[in-house]
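Q: Got a structure here, written out as structure tokens. Questions coming.
The values are calculated or read from the model by the stated rules, or taken from the named source; none is laboratory data. All figures in this text were calculated on a predicted structure; none of them were measured in a lab. Cβ placement follows ideal geometry from the backbone for every residue including glycine, while neighbour counts extend to all protein chains displayed.
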Amino acid sequence: MKVLLATIALTLISFALTGQGCCNSCTVYKGYITSDIGIWKKGMEEASAAWLNDPSSCTLYTLTEARYGYIGYLLRIGQKAEARPFIDDFESDLSQLAEFPDRKAEADAFMIALLGFRMELNPARAMSLGPRALKQLEKALETGGDNPAVWIEKANSEASMPAFTGGSKVKAAGSLRHAISLFELKRESLGCNWRYLNTYLLLGKLLEQTGDFKGACEVYRKVLQEEPAFAEVRNKLLPAAEVRINGV
């Protein structure tokens, strides 16, 4: 009976992580669309348990991606001290993820993000880490140019760099649109895929920064077509962008 219960428990964890047969955490996804960081953290715990019980490229990718998103959240709210140990864990994840040939593109893309996280923790290191990040981006595009994760990091670089070093919000928007198109080539991977929705969100916010509120509204409406329960878009982002269209 104990063996049976343990098997059932592992099966439930696997289902929560993989959703529709892909490497996406439905728990993390629920935390994302409801803006509930507690649910997100529960998803990370599930992903960690799944990786320990089944050390595969899929379970490790799920864990690494969940940490990637959580680190971004902590840095956005200014919790650098809390983010630091997660960044160290993220770096450890990457060293293992890179050993799986089927996850090489994602590992290369995450390495760009890692360098960005390190610069966020200590802006003084930007002079040394910035060029490394650009070289890593070139490497990632060469080996994984057909992977949306690479184009997301390309967009992040383009949006954050000054114009004289190649930064451009217009270029970044184009990179995000390309990432979305790559996601949509594999519709079967979109179940519980928070990064797919987040790419739309990044695009919408970028369009707002350029003054294209009509374009942003179109993006936010597309997000709600994909996920009507996405609270932040439905209750905040879309209404605010619609107000800006009307010049209020």
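Q: Which of the residues spanning the range 130-150 are outside any loop (DSSP other than H, G, I, E, B) and buried (at least 19 other Cβ atoms within 10 Å of the Cβ)?
A: Listed by number, the residues that qualify are A133, Q136, L137, A140, G144, P148, A149, V150.
Q: Let me ask something else. Residues of the range 200-223 being within 16 Å of Y32 (Cβ to Cβ) and either surrounded by fewer than 16 Cβ atoms within 10 Å (Cβ to Cβ) or among the basic types (K, R) (or both), which ones?
A: K205
Q: Would you point out the residue of the range 59-77, among those that are in contact with a Ser or Thr (Cβ under 7 Å, 6 or more places away or on another chain) and among the hydrophobic types (A, V, I, L, M, F, W, C), that is farthest from D102 (Cα to Cα)?
A: A66
Q: Being in a helix (DSSP H, G or I) and within 19 Å of E120 (Cα to Cα) is the filter; apply it to the range 157-174 and report the residue that is modelled with the lowest pLDDT.
A: Here the residue is T165.
Q: Determine whether C192 is part of a loop (DSSP other than H, G, I, E, B) and either of a type outside the set (S, T, Y) or over 24 Å from M111 (Cα atoms) (or both).
A: In short, yes.
Q: Moving to a separate point now. What number of residues within the range 193-248 are of a type in the set (K, R) and modelled with pLDDT under 95?
A: Of the residues in that region, 1 qualify.
Q: Let me ask something else about it. When you check K42 against the structure, is it over 16 Å from the mean Cα position of the chain (by Cα), of a type in the set (K, R) and either within 28 Å of P228 (Cβ to Cβ) or at pLDDT 95 or above (or both), yes or no?
A: When the stated conditions are applied, K42 passes them.
Q: Tell me which residues, restricted to the range 67-125, are within 22 Å of P148 (Cα to Cα), outside any helix (DSSP H, G or I) and free of Cβ contacts under 8 Å to residues at least 40 places away in the same chain.
A: Within the range 67-125, A98, E99 qualify.
Q: Between a first residue in the range 163-191 that is β-branched (V, I, T) and a second residue that is in a helix (DSSP H, G or I) and at pLDDT 95 or above, which pairs have beta carbons less than 8 Å apart while being 6 or more apart in sequence or on different chains?
A: Every condition considered, the pairs that remain are I180/P148; I180/Y196; I180/T199; I180/Y200; I180/L203.
Q: Closer than 22 Å to F183 by Cα and of a type outside the set (A, V, I, L, M, F, W, C) - does that describe any residue in the range 106-126?
A: Scanning the range 106-126 turns up at least one residue that is closer than 22 Å to F183 by Cα and of a type outside the set (A, V, I, L, M, F, W, C).
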